[in-house]
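> Input: one structure, supplied below.
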Amino acid sequence: MIRLVLIMMACLLLTAASPVKSGYDIGDEVADFRLKNVTGKMVGLSDYKDSKGAIVIFDCNTCPYSKAYNERIIALNKKYAPKGFPVIAIQPNDPAQSPGDSFEEMIKLAERKKYEFPYLMDETQQVVRAFGATNTPHVFVLKNNGGKFTVAYIGTIDDSARDASGARKKYVEDAVEALLASKEVPTVRTKAVGCSIKLKNS
């Protein structure tokens, strides 16, 4: 009897110690979402049902890494939106903790930078929690499989957080090019380099 109790306690401890899945993994299907764009229009993943995929980037106004990658994000959309992989940028930070990431400031940045892609406000932070993004910028390349979007790549844009000229590995471009050619993505996961996302009640 004592031995049985000890075994049960050990099993409970192992269960408690096992990691809880947080966010999407490679191959996971992404649930649709609808968030407010800087234009005032609600935008969702289902709006892109006719695209080949999407480059979802959790980004913000204030992070130095986001600022360093800003032109590269704009370039990604210009290069791949016509090929069926548009950028969808999502601002996940709590404005109470980061006033520079308020919706009003998002509008100003999008207008100043002439964004040709949606810049969405994740006010409830449900979307960033669902994805499991931790930093800005944090990229999720999605593949459209008959209207169902699945994760093909998670991580950073490239291996040069300072400037584009120093990049030797362009992970997002490599992933999208592979998907366009119906090939395996060469690197499916990298570490997202950037500022930590400012979650509410954290």
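The values are calculated or read from the model by the stated rules, or taken from the named source; none is laboratory data. None of the values given here were measured: they were computed from a predicted structure. Here Cβ is always computed from backbone atoms with ideal geometry, including for glycine, and neighbour counts include all displayed protein chains.
> Being touching a helix residue (DSSP H, G or I) at 6+ places or on another chain (Cβ under 6 Å), at pLDDT 95 or above and not aromatic (Phe, Trp, Tyr), is that true of even one residue in the stretch 39-51?
no
> Of the conditions (1) farther than 13 Å from CYS60 by Cβ; (2) without any contact (Cβ under 8 Å) to a residue 60 or more places away in the chain, PRO95 clears all except one; give me its number.
(1)
> Here is a further query. Only one of ALA110, ALA81, ALA68 is out of contact with any Cys (no Cβ under 8 Å at 6 or more places or on another chain), among the aliphatic types (A, V, I, L, M), closer than 22 Å to SER160 by Cβ and in a helix (DSSP H, G or I); which?
ALA68
Rundown of residues vs (1) over 28 Å from GLY40 (Cα atoms); (2) at pLDDT below 95; (3) assigned to a strand (DSSP E or B); (4) over 13 Å from the mean Cα position of the chain (by Cα), yes/no style:
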{"residue": "GLU123", "(1), (2), (3), (4)": "no, no, no, yes"}
{"residue": "ARG129", "(1), (2), (3), (4)": "no, no, no, no"}
{"residue": "LEU179", "(1), (2), (3), (4)": "yes, no, no, yes"}
{"residue": "SER182", "(1), (2), (3), (4)": "yes, no, no, yes"}
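> Okay, next question. Filter the stretch 135-155 down to the residues that are surrounded by fewer than 17 Cβ atoms within 10 Å (Cβ to Cβ) and of a type outside the set (Gly, Ala, Ser) and list them by number.
ASN145, LYS148, THR150
> Of all residues being small (Gly, Ala, Ser) and out of contact with any helix residue (DSSP H, G or I) (no Cβ under 7 Å at 6 or more places or on another chain) in the stretch 21-38, which is nearest to LYS143 (Cα to Cα)? Just the residue, please.
Among them, the one singled out is GLY27.
> For ILE157, are the conditions met, namely being under 16 Å from ASN37 (Cβ atoms) and outside any helix (DSSP H, G or I)?
Against the criterion (under 16 Å from ASN37 (Cβ atoms) and outside any helix (DSSP H, G or I)), ILE157 does not qualify.
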